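Trainee: My questions will all concern the structure given below.
The values are calculated or read from the model by the stated rules, or taken from the named source; none is laboratory data. Worth saying up front: this structure is predicted, and the values here are computed from it rather than measured. Here the Cβ positions follow ideal geometry from the backbone for every residue, glycine too, while neighbour counts run over all protein chains shown.
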Amino acid sequence: MGTSGSSNGPGPGVPFDPPWLDNIETPHPGDGQPQDIQMPDDADMGNGQSKPSPQPLDIAPPRRFSNARRAMGEFARTGSKDAFRRAVGHYSHTGMGGAKSAANRMRISVRSGASAFSFLQAAREKTDTTINDWVDSLIKRNASAQEIADEIVRRTTPSGGSQDEVACQESMAYALEDILSKDPDVDLLKLNDDSIWSLIESFLGYEAFHRLSLDIGQVFEDSTLSPRDRVTRMKEMRDYLKAEIRVQVEALRSNTRHATSVQLRSMLQDALENTFTVYEGSI
């Protein structure tokens, strides 16, 4: 698995958090109104008070990814897990302005993950007429598991052609492939909550892998790396990220069967922030 496109990564002198991200629309489950694109920090948190809008993020410094790329290069050459952890720690702390900012940069991933969770629960429990009609149409035409997976990707991830949108589509597709590879006979329309959580954890892991690959993954293009080592290191990188994100999601997961979309987004955002915080502890 590679990245969704060649990139030199974002440079200095630009906001850590590009403002055009909020122009990306994520699908919403069923036939209701589109989800509010604001994250929970900006929303009414249920106590009658609204938090103030966030201040504009700082401008990225020169050589923002130099330490991260140096450590990632060491990981690529040696396979040192400590070097990988330092690479992600530097990426978050200096390259992205801290764990909170790094997690916020992935808010399209968070929205898509929460959308997929709600969508798959509604498909299983038949709580939305539009989704019910969609399920019925798939059953009527005897759609294959792969066709259903493709439809889930289409209905839960943004449909544009930017790097972020394409990466999001690919991440959801790979996460669904993970489930199908473990159980080819699984019914994607009737996943239990544990399976849905596993899907979302895998999806966020792939998204973190894509994010780092696009921003600092150029070190894997080093001509001194053999093709075998390159593939091995990128797989290790992906697996490490997926494992840490899974730990953080599981630690936060509780009483979520009927969580609102805002609550789901808040939890997934916190899981990503906690993940980057853990890696920052390695530097």
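Trainee: Starting from region 72-92, keep only residues that are without any contact (Cβ under 8 Å) to a residue 24 or more places away in the chain, then list their pairs with residues that are buried (at least 17 other Cβ atoms within 10 Å of the Cβ) and not acidic (Asp, Glu) whose Cβ atoms are within a distance under 6 Å, requiring at least 6 positions of separation or different chains.
Mentor: Cβ pairs passing all conditions: 74/83; 83/71; 83/75.
Trainee: Go through 85, 77 for me and flag whichever is charged (D, E, K, R), at pLDDT 50 or above and more than 24 Å from the chain's Cα centre (by Cα). Step through it out loud before you land on a result.
Mentor: Values: 85 fails: more than 24 Å from the chain's Cα centre (by Cα).
Just one listed residue meets the conditions, 77.
Trainee: Considering region 176-201 alone, what residues qualify as being crowded, with 18+ Cβ neighbours inside 10 Å and charged (D, E, K, R)?
Mentor: Residue satisfying the conditions is 201 alone.
Trainee: Within region 236-272, restricting attention to residues that are polar (S, T, N, Q) and not in a loop (DSSP other than H, G, I, E, B), which residue is nearest to residue 110 (Cα to Cα)? Spell out how you get there, then give the answer.
Mentor: Kept after step one, since they are polar (S, T, N, Q), are these residues of region 236-272: 248, 254-256, 260-261, 263, 266, 269.
Filter once more, so that each one left must be not in a loop (DSSP other than H, G, I, E, B): 248, 261, 263, 266, 269.
Numbers: 248: 14, 261: 10, 263: 11, 266: 8, 269: 6 Å.
Among residues in region 236-272 that are polar (S, T, N, Q) and not in a loop (DSSP other than H, G, I, E, B), the one nearest to residue 110 (Cα to Cα) is 269.
Trainee: Right, another one. Do we find that residue 94 is assigned to a loop (DSSP other than H, G, I, E, B) and more than 18 Å from the chain's Cα centre (by Cα) in this structure?
Mentor: Numbers: assigned to a loop (DSSP other than H, G, I, E, B): no; more than 18 Å from the chain's Cα centre (by Cα): yes.
So residue 94 does not fit the description; no.
Trainee: Ok, one more. Does residue 233 count as closer than 21 Å to residue 80 by Cβ, surrounded by fewer than 23 Cβ atoms within 10 Å (Cβ to Cβ) and out of contact with any Cys (no Cβ under 8 Å at 6 or more places or on another chain)?
Mentor: On the way: closer than 21 Å to residue 80 by Cβ: yes; surrounded by fewer than 23 Cβ atoms within 10 Å (Cβ to Cβ): yes; out of contact with any Cys (no Cβ under 8 Å at 6 or more places or on another chain): yes.
Yes.
Trainee: Looking only at region 253-267, how many residues end up being closer than 21 Å to residue 92 by Cα and either surrounded by fewer than 18 Cβ atoms within 10 Å (Cβ to Cβ) or without any contact (Cβ under 8 Å) to a residue 24 or more places away in the chain (or both)? Steps first, answer last, please.
Mentor: The first filter runs over region 253-267 and keeps only residues closer than 21 Å to residue 92 by Cα, leaving 265-267.
Next, only the ones that are either surrounded by fewer than 18 Cβ atoms within 10 Å (Cβ to Cβ) or without any contact (Cβ under 8 Å) to a residue 24 or more places away in the chain (or both) stay: 267.
So the answer is 1.
Trainee: Listed residues 275, 232; which is touching a residue at least 40 places away in the same chain (Cβ under 8 Å), part of a helix (DSSP H, G or I), within 19 Å of residue 105 (Cβ to Cβ) and β-branched (Val, Ile, Thr)? Quick ask: steps written out before the conclusion?
Mentor: On the way: 232 fails: within 19 Å of residue 105 (Cβ to Cβ).
After ruling out the rest, the residue left standing is 275.
Trainee: Can I ask one more? Going by the conditions given, is residue 106 closer than 26 Å to residue 202 by Cβ, out of contact with any Asp or Glu (no Cβ under 7 Å at 6 or more places or on another chain) and either polar (S, T, N, Q) or crowded, with 23+ Cβ neighbours inside 10 Å (or both)?
Mentor: Criteria not met by residue 106.
Trainee: Which residue, of 270, 239, is surrounded by fewer than 20 Cβ atoms within 10 Å (Cβ to Cβ), out of contact with any helix residue (DSSP H, G or I) (no Cβ under 7 Å at 6 or more places or on another chain) and either hydroxyl-bearing (Ser, Thr, Tyr) or modelled with pLDDT of 95 or more (or both)?
Mentor: Step by step, each of 270, 239 is checked, and only 239 is surrounded by fewer than 20 Cβ atoms within 10 Å (Cβ to Cβ), out of contact with any helix residue (DSSP H, G or I) (no Cβ under 7 Å at 6 or more places or on another chain) and either hydroxyl-bearing (Ser, Thr, Tyr) or modelled with pLDDT of 95 or more (or both).
Trainee: So which residues in region 128-147 are touching a residue at least 60 places away in the same chain (Cβ under 8 Å) and in a loop (DSSP other than H, G, I, E, B)? It would help to see each step written out before you state the result.
Mentor: Here is the first cut: in region 128-147, the ones touching a residue at least 60 places away in the same chain (Cβ under 8 Å) are 128-131.
Once the filter is applied, which keeps residues that are touching a residue at least 60 places away in the same chain (Cβ under 8 Å) and in a loop (DSSP other than H, G, I, E, B), region 128-147 yields only 128.
Trainee: Looking only at region 148-173, filter to residues that are of a type in the set (Asp, Glu) and in contact (Cβ under 8 Å) with a residue 40 or more places away in the chain; which one of those is surrounded by the most Cβ atoms within 10 Å (Cβ to Cβ)?
Mentor: From region 148-173, those of a type in the set (Asp, Glu) are 150-151, 164-165, 170; that's our starting set.
Next, from what is left, pick out any that are in contact (Cβ under 8 Å) with a residue 40 or more places away in the chain: 164-165, 170.
Working: 164: 23, 165: 19, 170: 19.
Here the answer is 164.
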